[in-house]
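A.B. asks: Have a look at the structure that comes next, please.
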Amino acid sequence: MREEEKKKASQKTKNLFKNRWMFPAVYLTSAALLISGIIWYQLADSGDEQVQEMQESATPFNEPAQPVQTSAAEQLALPMKDADESVIKTSFYEESASEKDQEASLVVYNNTYHPNTGIAYGTKEGKTFDVTAALSGKVTKVQENDSLLGNVITIEHANGVTTNYQSVQDIQVAKGDNVSQGQVIAKAGKSLFNEKAGVHLHFEVRDKNNVAINPLDAVAKSTADIAKMAKEAKAEEQKADTEAAEEETQEPAGESSEETSTEPSAEDPAGQEAEEGSVEQEEPAEPTEEESIELEESTEQTEESSIEEEPKQEQDSSTMESE
């Protein structure tokens, strides 16, 4: 039985190899396996090389990464490209400045003097120039067709600091745009408010409380420094106001104390009584009834004695004459 089974199995194998498609199938299968092995090997090598390149190009753990510069780290620059050719037409009005500087910082409009809350920049030739963003930020306001202020652009920066650009034309930004420092946003123009300045740019720097800051004090400072400077200036201003108020309240009190110490008030009865008492002490006291009676008796006695003495004097004088 076993021999017959073996003979049948060998016969089936011989018959299988007699088929024409058997050898091509074996060949194709072997080729497919060989090609698959080659591809797998190449992919494995390329993956190792990529991992090695990534490890080599990566920053070592012990080396600090370079910080990304943001608008908070930027320092405020003048809002024009050619700062050397610019001139100040109207300066910033400051309370601590001299009277001459304050007069030069006033803007006359409609027969009224207005303190200048920024700086009006122009050129010696009076020509227009490119207006640039003083700091990177986001445009929050674009006001066109404003003949009074000459169009307005407002850019918001880090720490609540804003920069305003007035008296501009040919505006190249829109509300919501993100601008970078030094980017051209408009050109200098004219305004009715400061018509005397001619072609100029009115530039303002304000803190988060919308308090105007002298742009010259803010140049080359970051938004954090500008915000700190504005806070300190506000604290000093409040301190000066409180000191002035205290001095005003102390002066009337000192004057009233001096008046009460030297002159008694007409409405103060205690003062009047004290004054009358001092006057009464200076005048002599009036005599009592007993003292007045004794005085009258003494005067009568003196008068009687004088009457008695008069005849005696007459007798003496007559005897003198008879002799």
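A.B. asks: Looking at ALA77, TYR93, LEU106, which one has the Cα that reaches farthest to the positive end of the dipole of the stretch 76-219 (charges on Cβ: Lys, Arg +1; Asp, Glu -1)?
C.D. replies: It is ALA77, whose Cα lies furthest towards the positive end.
A.B. asks: Quick one: 3J(HN,Hα) in Hz for the stretch 191-205, Karplus 6.51/-1.76/1.60 with θ = phi - 60°, rounded, Gly and Pro as x.
C.D. replies: So the Karplus estimates, Gly and Pro as x, are 8, 6, 5, 10, 5, 5, 6, x, 6, 7, 10, 8, 10, 10, 10 Hz.
A.B. asks: Still on this structure, please answer the following. Separation between the GLN75 and TRP40 pseudo-spin-labels, each 7 Å from Cα along Cα→Cβ, expressed in nm?
C.D. replies: 6.4
A.B. asks: Where does each of 99-106, 127-134 land if you order them by average Cβ count within 10 Å, highest first? Numbers along the way, then the final one.
C.D. replies: Numbers: 99-106: 12.9, 127-134: 20.5.
Per-residue mean Cβ counts within 10 Å order the peptides as 127-134, 99-106.
Readers should treat all values here as calculations from the given coordinates under stated rules, not as data from a laboratory. Note that the coordinates shown come from a computational prediction; the quantities given were computed from them, not determined experimentally. Because the Cβ atoms are built from the backbone with ideal geometry, glycine has one as well, and the counts that use them run over all protein chains shown.
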